[in-house]
Amino acid sequence: MASLARKNLLEDIPRFLIAQAGIVFAVTLVTVQMGIFRGFLKSTALIPEESQADIWISSEEMVYFELTPSLPVELLFQAREVEGVALAEPLLLPPGQWNGPGGTIAPLRLIGFDPGGELFTPWNLTEGSLAQLQTPYTIIVDDSQLDALNLPGLGGRGTINSLPAEVVGITEGTQSIASSVFVFTSLETANTYATTGIGTSVNCQVDGDGNMACTNTYQREPRTSPEPSDAPPAPSPLRRSDALTHILIRAEAGEDLQVLKQRLNESLPGTQAFTSQELAQRTRDYWQNRTGIGFVLGFGAGLGVVVGIAIVGQILYSSVSDRLKEFGTLKAMGASDWVLYRVIIEQALWMAVLGYLPGMALCLGLSQWVSSSMGIIILITPASAAGIFLLTTVMCVGSGFFAIQKVTRVDPAIVFKA
C-alpha cells in the first residue's frame with residue numbers, strides 16, 4: 001500500500017504536474033502574503049529596533065515613533081542629569097520635501113542624528129562613509145529609493161526644503177514600507193532643513209484659446225544675513241530653544257531599565273520612556289490594529305490559506321472520484337477503511353512536500369528580488385518557513401478528508417457495474 005499512493009499520483013504525469021502547479025501557487029500565495037504582512041510590520045519599527053539605545057524618551061502624546069509632538073532641547077540636558085543615565089543623545093525626525101533632477105518631487109522623513117554618537121547610526125552601509133555626514137548638507141539614503149529620488153547613486157544632488165543635498169552614502173534594507181523616503185543626515189543639517197522657511201509662488205499664463213496653465217514655484221525665503229544669495233546658511237548646533245523628536249538613553253551598567261524609566265518619567269514632565277522593544281511593539285501595534293493596512297495584509301494571508309485548501313481539496317477529490325472502482329476493488333478484497341485512508345493521506349503528504357519545495361524556492365528568490373529592487377520586505381525566516389511547511393501539510397491532509405468521505409461510502413459492488 002505504501003507505493004499505491006505514489007502510483008496514483010504518477011500514473012498521469014501531465015495531470016500530476018498541473019495539480020502540483022496548483023499547490024505551488026497556493027504555497028506561494030500563502031508564503032508571500034504572510035511574508036509581506038510580517039515584513040511590513042518589521043519595516044515599520046526598523047529605527048527603534050536597530051538603535052543601540054536602551055531607552056527612548058518621547059512625548060507623552062506620542063502615537064508611534066514617527067507620529068509624535070516635538071520635545072524641547074532643554075529636556076536633553078535634564079535627562080543627562082538623571083541618576084542611572086550613562087549617555088543621552090538627541091534624534092530629530094522632521095518631514096521634508098525633495099526636489100531632484102528632472103523636476104522630481106518626493107516627501108521625505110529626515111532622520112537627524114549625531115554622526116559621532118554611539119546610540120544611533122544607519123545600518124547596512126554599503127557605499128560611502130558615515131564620517132562624510134560631518135560635511136553640511138550631505139545625506140545617506142537607501143538604495144531602493146534612488147529611483148524614487150531620481151538619483152544615480154553616490155554624488156547625486158538635489159534640494160531638500162530648498163537647501164542643497166548631496167548623497168554621500170547608500171544603505172540597504174533601511175526603508176520602512178509605510179513611511180516616506182528615509183534620509184539620514186547629521187543633526188545640525190536636519191535641523192537646518194526643518195527650520196529654513198520655504199517661499200512659494202504661483203505663475204499663471206493664459207494661452208490664445210483662453211486656457212490657463214499655472215506652475216507652482218518653491219524657493220527659499222529671502223535671508224537677512226550678509227551671506228551671498230546663492231550660499232546656504234551654515235548649519236549650527238541645536239540650541240536650547242530648538243526642538244527634537246526623541247531622546248536616546250544608554251543606562252549605566254547594571255541599571256534596572258524599568259526603574260530608570262520610572263525615574264525619567266518623574267524627572268522629565270510631559271514625556272514617556274520606552275525601551276527600544278516597547279517602542280517598536282507600539283509602532284507595530286499601531287499599524288496592525290489602528291490602520292486598515294494590517295487588516296488588508298492579514299486578510300490576504302488568510303485568503304491564501306483558504307485558496308490553498310480549495311485547490312488541494314479539489315485535486316484530491318477528483319483523484320479519488322476517478323478511481324472509485326479501484327477503491328471498491330480493494331474493499332471487496334477485504335481492505336479496511338483505514339487502509340484506504342492511508343493511501344489518500346499519503347497522496348496528500350506527497351503533494352504537500354512536492355508542492356512546498358518549489359513554492360518556497362520561488363518565494364525566496366522573489367523576496368530577494370523585491371527587497372533589492374523595491375525595498376519591500378517579504379520576511380521569510382527559518383521559523384516561518386517551517387511554519388509554512390506545517391501549514392501546507394495540514395492544509396493538504398485536511399483537504400484529503402473531503403476525499404476520504406467519498407471513499408467511506410464506496411460500495412464494493414461498484415466493481416461489477418458496467
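Some observations on this one:
- Nonpolar atom fraction for segment 1-131, defined as the carbon and sulfur part of the 1.4 Å probe accessible area, stands at 56 percent.
- Rotationally averaged projected area of segment 1-155 (alpha carbon convex hull; nm²): 17.6
- Ordered by 1.4 Å accessible area with all protein chains kept, M333, M34 run largest first as M333, M34.
- Ranked by how many other beta carbons lie within 10 Å on average, peptides 281-292, 112-123 from highest: 112-123, 281-292
The values are calculated or read from the model by the stated rules, or taken from the named source; none is laboratory data. Model, not experiment: these values are computed from the prediction. Note that we place each Cβ from the backbone using ideal geometry, even for glycine, and neighbour counts take in every protein chain shown. To get the accessible areas, we keep the full protein, side chains included, count just its heavy atoms, and leave off ligands, DNA and RNA. Shrake-Rupley method; radii C 1.70, N 1.55, O 1.52, S 1.80 Å.
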